[in-house]
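Any read-out appearing in this document is the output of simple, stated calculations on the displayed coordinates, not a laboratory observation. As the structure is a prediction and not an experimental result, all values here were calculated from the model. Note that we place each Cβ from the backbone using ideal geometry, even for glycine, and neighbour counts take in every protein chain shown.
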Amino acid sequence: GEDVEQSLFLSVREGDSSVINCTYTDSSSTYLYWYKQEPGAGLQLLTYIFSNMDMKQDQRLTVLLNKKDKHLSLRIADTQTGDSAIYFCAERSNSGYALNFGKGTSLLVTP
Amino acid sequence: NAGVTQTPKFRILKIGQSMTLQCTQDMNHNYMYWYRQDPGMGLKLIYYSVGAGITDKGEVPNGYNVSRSTTEDFPLRLELAAPSQTSVYFCASSYPVNGEAFFGQGTRLTVV
């Protein structure tokens, strides 16, 4: 399938902002998603953005989409230790039914 | 609201044994999926279904089978377990329009 790439690890201090980046190759992607996975748990949908939008804000989360560069980012404001988890970027193409996931970014928040 | 329920949560199989991973959802979603998650590798799609009676292969279907006799249930069958099938398996279901997928808690399978 098409590729979704993420950096594997990010460490931030509590109270700082976190920015997790993702790039994708499928130009027909219609929806792009951010999922959070805590240890031993399933994936929890954080937010998603439709491809005709360039920004979406939801409380501490801001998603930015640059469709021209096929770049998606997730900004977490005022990062807390409870935000430590693996964050997955995923895309759904216009021709597909399932989501195509990146390998995940492990976010570590230190006091 | 139960969402997506998977059973069992953990299982150890011997090489060559078979088992069925159960998945049920109560959201009346047409679309259902099975993914496997290997360490540092993200999620790979095994099989998916767009409705009762309709299934299709994903990226890594070899060694697995599925059926979808009802909207609610989407079991995954391993016929001859191999060590390469040691993984965490996630079932998910979604709305067809925006693809917002809801995941079960996962089944951790070890084949020895």
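Among A:L74, A:L99, A:L10, sorting on how many other beta-carbon atoms sit within 10 Å of each Cβ, with the fewest leading, yields A:L10, A:L74, A:L99.
Applied to segment B:66-72, the Karplus parametrisation 6.51 cos²θ - 1.76 cosθ + 1.60 on θ = phi - 60° returns per-residue 3J(HN,Hα) values of 9, 8, 9, 8, 10, 5, 7 Hz, with x for Gly and Pro. Comparing mean-square fluctuations of B:M19, B:M27, B:M41 from a GNM of chain B with C-alpha springs under 10 Å, the top value falls on B:M41. Here segment A:11-51 is scanned for amide nitrogen atoms under 19 Å from the site 7 Å beyond the Cα of A:S73 along Cα-to-Cβ, giving A:11-25, A:32-35, A:47-51. Taking B:K14, B:K57, B:K44 in turn, the Gaussian network model of chain B (Cα-Cα springs below 10 Å) assigns the largest fluctuation to B:K14.
By other beta-carbon atoms within 10 Å, ranking A:T79, A:T25 with the fewest at the front produces A:T25, A:T79.
Each Cα pair under 8 Å and six or more residues apart adds its sequence gap; the mean of these over the residue count of segment A:1-70 is a relative contact order of 22 percent. Considering Cα pairs under 8 angstrom that are at least six residues apart, work out the relative contact order of segment B:67-106 and quote it in whole percent. Averaging sequence separation for qualifying contacts and normalising by length gives 27 percent for segment B:67-106.
Only the Cβ atoms of Lys and Arg (+1) and of Asp and Glu (-1) were treated as charged; on that basis the dipole of chain A about its Cα centre amounts to roughly 120 debye. Centre-to-centre separation between the Cα atoms of segment B:37-78 and those of segment A:38-85: 27 Å. About its Cα centre, the dipole of chain B is roughly 380 debye, where the only charges are +1 on Lys and Arg Cβ and -1 on Asp and Glu Cβ. Which of B:Q22, B:G99, B:S49 sits farthest toward the positive end of the charge dipole of the protein assembly as shown, with +1 on the Cβ of Lys and Arg and -1 on the Cβ of Asp and Glu? Going by the charge dipole, the pick is B:Q22. Think of chain A as a dipole: +1 on every Lys or Arg Cβ, -1 on every Asp or Glu Cβ, centred on the Cα centre; then among A:Q37, A:L108, A:M53, A:M53 lies furthest on the positive end. Each Cα pair under 8 Å and six or more residues apart adds its separation to the average, and for chain B the resulting relative contact order is 36 percent.
So for A:H71, B:H29, fewest C-beta neighbours within 10 Å to most, what's the order? Intermediate values should be presented prior to the final figure.
Working: A:H71 13, B:H29 21.
Arranged by neighbour count, lowest to highest, A:H71, B:H29 become A:H71, B:H29.
Note that segment A:28-77 shows a convex hull volume over its alpha carbon atoms of 86 Å³ per residue.
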